[in-house]
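A.B. asks: This structure is in structure tokens; I'll ask about it shortly.
Throughout, read-outs are computed from the coordinates displayed, never taken from laboratory work. Bear in mind the structure is a predicted one, so any value in this text is a computation, not a measurement. Cβ sites come from the backbone with ideal geometry, for glycine too, and all protein chains shown count toward neighbours.
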């Protein structure tokens, strides 16, 4: 179990999951909903619907390619993205507890979710085409 400040960046290793459309690295775009941990009320966990993913291949919003990229990646979000978001959210809920940062100047760490016993050479568990 990892205990980290709210606002920490969550890293999704490519062997855990990749973009369901193009196979690129996933990014936790935001966590916008929390629940108190049932284990200990001083900790927070991400809610079942509070974690949102996106693809690292996203162009900048002002790019001429953004609309085409967005339409390609998110034409069927409940089919393509929801299953992976649910699995990644469950892994984060099982492995990470969040605490409120005590200081505004705190630099939250990058947290990598890992699966015990998954070797580095194994292909992504949740991958494009799953």
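A.B. asks: Pull out the extension gain between residue 101 and residue 39, defined as 0.36 nm times the separation in residues minus the alpha carbon to alpha carbon distance; nm, one decimal. Let's see the in-between values first.
C.D. replies: Details: separation 62, 0.36 × 62 = 22.32 nm, distance 1.94 nm.
Length difference between fully extended and current span is 20.4 nm.
A.B. asks: Hey, what did segment 13-93 get for relative contact order, percent, Cα under 8 Å, at least 6 apart?
C.D. replies: About 30 percent, as a whole number.
A.B. asks: With labels modelled as points extended 7 Å from the Cα through the Cβ direction, what inter-label distance (nm, one decimal) is found for residue 82 paired with residue 65?
C.D. replies: Inter-label distance under the simple model: 3.0 nm.
A.B. asks: Here is a follow-up. Could you give the length gained on full extension between residue 90 and residue 74, defined as 0.36 nm per residue of separation minus the Cα-Cα distance, in nm? Walk me through the intermediate numbers first.
C.D. replies: Working: separation 16, 0.36 × 16 = 5.76 nm, distance 2.16 nm.
Length gained between residue 90 and residue 74: 3.6 nm.
A.B. asks: What's the extension gain from residue 30 to residue 9 if we count 0.36 nm per residue and subtract their Cα-Cα distance? Please list the in-between numbers first.
C.D. replies: Values: separation 21, 0.36 × 21 = 7.56 nm, distance 0.91 nm.
Separation in residues times 0.36 nm, less the Cα-Cα distance, equals 6.6 nm.
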